[in-house]
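Novice: Got a structure here, written out as structure tokens. Questions coming.
Derivation of every value follows stated rules applied to the coordinates shown; laboratory data play no part. Fair warning: this is a prediction, and the values are worked out from it, not measured in the lab. We place every Cβ from the backbone using ideal geometry, glycine too, and count neighbours over all the protein chains shown.
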Amino acid sequence: MAYEVEKTDAEWQAELTPSEYQVLRLAGTEPAFRGEYTDTRTKGVYSCRACGAELFTSTEKFESHCGWPSFYDPKDSSAVELVADTSHGMVRTEVRCARCGSHLGHVFEGEGYPTPTDQRYCINSISLTLEPTEG
């Protein structure tokens with residue numbers, strides 16, 4: 001798929017830290033309960049760390065106690081791309097940034113969360129940056 005932001009692996013490696021590159025470009029996962037935004041309650045907009053696209057807001061963030069920031073919906077449905085993921089012997093749905101194709105995490109459905117969508121976008125903190133808003 002062609003993305004609005006496309007770079008070579010060398011360009012991504014030059015712009016991202018090794019940990020960011022591992023998660024964003026190689027679909028890695030940061031350790032549970034260690035991410036910068038796991039427990040934050042700061043109001044604001046979460047953007048893709050690789051390209052700056054706005055992805056989620058604090059309004060849709062909720063406590064899932066899974067070890068990673070969780071959102072019940074993206075800021076805009078066109079901000080993310082959902083892709084079938086059958087790696088590691090599992091069947092999951094990968095969440096990618098629709099602007100640059102970077103790996104963000106996975107989305108899970110039907111887990112009984114008290115949210116409007118019953119979806120949990122389980123997102124790596126290292127994939128995001130938070131721009132706080134007032135209020």
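Novice: By residue number, which cysteines of the chain lack any other Cys whose Cβ falls under 4.7 Å from their Cβ?
Specialist: Here Cys66, Cys122 come out as lacking a disulfide-compatible partner, given the Cβ-Cβ threshold of under 4.7 Å.
Novice: For Lys61, go through the lysines and keep the ones whose alpha-carbon is under 24 Å away, minus same-chain ones fewer than eight residues off.
Specialist: Correct list for Lys61: Lys43, Lys75.
Novice: In whole Hz, what ³J(HN,Hα) sequence does the stretch 6-23 give by Karplus (6.51, -1.76, 1.60; θ = phi - 60°), x for Gly and Pro?
Specialist: Coupling constants for the stretch 6-23: 10, 9, 6, 4, 5, 5, 4, 5, 6, 8, 9, 5, x, 5, 4, 4, 4, 7 Hz.
Novice: With charges only on Cβ, +1 for K and R and -1 for D and E, what is the dipole size of the chain about its Cα centre, in debye, rounded to 20?
Specialist: Its charge dipole is roughly 160 debye.
Novice: By the gyration tensor of its Cα atoms, with a ≥ b ≥ c the square roots of the eigenvalues, what is the shape of the stretch 1-61: rounded for a/c under 1.5, prolate for a/b over b/c, or oblate?
Specialist: oblate
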